[in-house]
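A short write-up of the structure that comes next.
The values are calculated or read from the model by the stated rules, or taken from the named source; none is laboratory data. Just so we're clear, the structure is a prediction, and the values are computed from it rather than from any experiment. With ideal geometry, Cβ positions are generated from the backbone for all residues, glycine too; neighbour counts draw on all protein chains shown. For accessibility, only protein heavy atoms count, side chains too; no ligands or nucleic acids. Shrake-Rupley method; radii C 1.70, N 1.55, O 1.52, S 1.80 Å.
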Amino acid sequence: MDTKSLTSVGGIATAIGAGAVGVGVGTVLAGIARDALRAERAVDDGPDDLLTAPDSKPRRLPARSSDGTLLNVEIYGSDDPADDDGDVIVMVHGWTCNTAYWYPQINHLASSEGGSRRVVTYDQRGHGLSERGRRRPTIAMLGQDLDAVLEAAVPAGRRAILVGHSMGGMTIMSWAEQFPEKVGTLVSGAVLVSTAAKAVMENHALVPVDLPAYARPFAPVVAKAITSVPVPIPKTPIGVRFSHYIALGPHARKAHVDFVDEMIGACPPRARAGWGSAMGRLDVTAGLAALSVPTTVVVGTEDRLTPRKHAEQIAEVLQRNGSLRDLVVWEGVGHMSSIEAAERFNEVLDELVAEVSRVGQRVS
């Protein structure tokens, strides 16, 4: 066979290979679209008052991370120690979200009914009003950013209760891994919500289980593309259906779905892609060993992004370390669990706050 023939054969083989990849990827995408569009519609039962912007405006506190990146920090509640000298609740949102994610908790905790607690939230870098920074996103960077926020927003002599959702939970574990000497002195308790400590991209439940055999090897390619390609997300009725399928439980309220869809759509594509890629290299299990304070783990049974197996793995490590307070599993709830089950989540927070406060009083 001459060179020209070999070249022709090579071109044909390449074309066939590309075609096979296209068919495989297309089949996976079609399977996701099929399930998303066949899923139940969100329940339209009116607005959720807990999702409204808090009546009191937050005090904004700029904090600079170790590399100089400016982070937007928002503080609710009184600055007067006479009004609240308890633990500061620091809430860390997840991937593609922003400080508004915590409105259901801020509206409860910083209100008179919730004891007017001091609540601190901040935008992860590249999200909301925080700068993206110049460096390539890494999981270690998340923990360093949290350390800067704690230093800036937690008054001397007081401790924090850390609450992290999804990438926010990974942030807490990253921080504990890098600053283990600060855990016992600066933190009194933690809540890890709908999160994972490792292999998050390998163990999601986005891809249908009934794919043809030839398409299954392409599922990781599709998952990586969904999370790591910096393309804008158009706001369409179909897009809302995908947000519901991916991020919330099957019986979610329309108010919750619309709120989440709006928040995800507001995340800059480069930040979404950068952090999606960083989570592909996630392993913060060492942070669990350092998280020596009472820790509650929360997950919904319909969480497609960080399925229940992740919560159980985290709880198992914490149990061995003697720091697991509780593993809370909610039937029918998806990834945005502290929005979907806000009242129940607020009860979990109230119980933890009361418990660690009593322990602090006994120690003092």
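Observations on the structure shown:
- Single residue of the stretch 227-262 satisfying the filter (open to solvent by 70 Å² or more (accessible area, probe 1.4 Å) and assigned to a helix (DSSP H, G or I)) that is nearest to Val207 (Cα to Cα): Ile238
- Hits in the stretch 266-288 (condition: in contact with a Pro (Cβ under 8 Å, 6 or more places away or on another chain) and under 22 Å from Ser338 (Cα atoms)): Arg272, Trp275
- Filtered residues of the stretch 175-195 (kept if touching a helix residue (DSSP H, G or I) at 6+ places or on another chain (Cβ under 8 Å), more than 16 Å from Leu318 (Cβ to Cβ) and in a helix (DSSP H, G or I)): Gln178, Lys182, Leu186
- Residues that are closer than 29 Å to Ser228 by Cβ and open to solvent by less than 10 Å² (accessible area, probe 1.4 Å) are absent from the stretch 341-362.
- Any hit, the stretch 163-173, residues being touching a strand residue (DSSP E or B) at 6+ places or on another chain (Cβ under 6 Å), open to solvent by 40 Å² or more (accessible area, probe 1.4 Å) and not hydrophobic (A, V, I, L, M, F, W, C): no
- Restricted to the stretch 330-352, and to residues there that are touching a strand residue (DSSP E or B) at 6+ places or on another chain (Cβ under 6 Å) and either of a type in the set (Gly, Ala, Ser) or part of a strand (DSSP E or B) (or both), the residue that is nearest to Ile89 (Cα to Cα) is Ser338.
- Total residues in the stretch 271-292, condition open to solvent by 10 Å² or more (accessible area, probe 1.4 Å) and either of a type in the set (Asp, Glu) or in contact with a Gly (Cβ under 7 Å, 6 or more places away or on another chain) (or both): 3
- Listed by first and then second residue, the pairs with beta-carbon distance under 9 Å, at least 6 apart or on different chains, first residue in the stretch 194-205 and within 18 Å of Gly249 (Cα to Cα), second open to solvent by less than 30 Å² (accessible area, probe 1.4 Å) and of a type in the set (D, E, K, R), are Ser194/Asp303; Ala205/Asp303.
- Of residues in the stretch 122-156 being part of a loop (DSSP other than H, G, I, E, B) and among the aliphatic types (A, V, I, L, M), the one farthest from Pro58 (Cα to Cα): Ala156
- Every residue from the stretch 137-162 that is open to solvent by 10 Å² or more (accessible area, probe 1.4 Å) and either under 26 Å from Glu355 (Cα atoms) or modelled with pLDDT under 95 (or both): Asp147, Glu151, Ala152, Val154, Pro155, Ala156, Gly157, Arg158, Arg159
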